[in-house]
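Data first, discussion second: the structure below is written as structure tokens.
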Amino acid sequence: MLHFELVTPERLVRSDEVHMVTVPGTDGDFAVLEGHAPFMSTIRDGEVLVQKAPGAAPESIAIRGGFAEVNAKGLTVLAEHAG
């Protein structure tokens, strides 16, 4: 499982173990699974899609601006606004 955190300046929005997350990067959407290579990207306004399990319907979370980082601990999305 992939550890996923979604954070805004005001609060921790989500911290969860998930299957896959799709993020709206400024150069295009990208999906992150467990074991993804280290990666950093700025993000554009859009929807983060969180898939809890393989084959499950994704949950959509609207975000505005920020950046995403993938490292050995998982995926962290630091958004200007989420909701």
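The values are calculated or read from the model by the stated rules, or taken from the named source; none is laboratory data. Note that this is a predicted model, so its numbers are computed, not measured. Neighbour counts are summed over all protein chains in view; Cβ atoms, including those assigned to glycine, are modelled from backbone coordinates with ideal geometry. Areas reflect the complete protein model, heavy atoms only, side chains present, ligands, DNA and RNA absent. Shrake-Rupley method; radii C 1.70, N 1.55, O 1.52, S 1.80 Å.
Got at least one residue in the stretch 53-73 being open to solvent by less than 30 Å² (accessible area, probe 1.4 Å), among the aromatic types (Phe, Trp, Tyr) and at pLDDT 95 or above?
If we filter the stretch 53-73 for residues that are open to solvent by less than 30 Å² (accessible area, probe 1.4 Å), which is where we start, we get 61, 63, 65-66, 68, 70.
In the following step, the residues that additionally are among the aromatic types (Phe, Trp, Tyr) were identified as none.
No, the stretch 53-73 has no match at all.
Between a residue in the stretch 1-14 that is closer than 13 Å to Ala62 by Cα and open to solvent by 50 Å² or more (accessible area, probe 1.4 Å) and any residue that is at pLDDT 95 or above and outside any loop (DSSP other than H, G, I, E, B), which pairs come within a Cβ distance under 8 Å, given they are 6 or more apart or on different chains?
Between residues of the stretch 1-14 that are closer than 13 Å to Ala62 by Cα and open to solvent by 50 Å² or more (accessible area, probe 1.4 Å) and residues that are at pLDDT 95 or above and outside any loop (DSSP other than H, G, I, E, B), there is no close pair.
Among the residues of the stretch 39-52, which ones are open to solvent by less than 60 Å² (accessible area, probe 1.4 Å) and not hydroxyl-bearing (Ser, Thr, Tyr)?
Pass one, the stretch 39-52, residues open to solvent by less than 60 Å² (accessible area, probe 1.4 Å): 41, 43, 46, 48, 50-51.
Passing the criteria: Ile43, Gly46, Val48, Val50, Gln51.
Go through (1) touching an Asp or Glu at 6+ places or on another chain (Cβ under 6 Å); (2) within 15 Å of Val7 (Cβ to Cβ) and name the single condition Glu69 misses.
(1)
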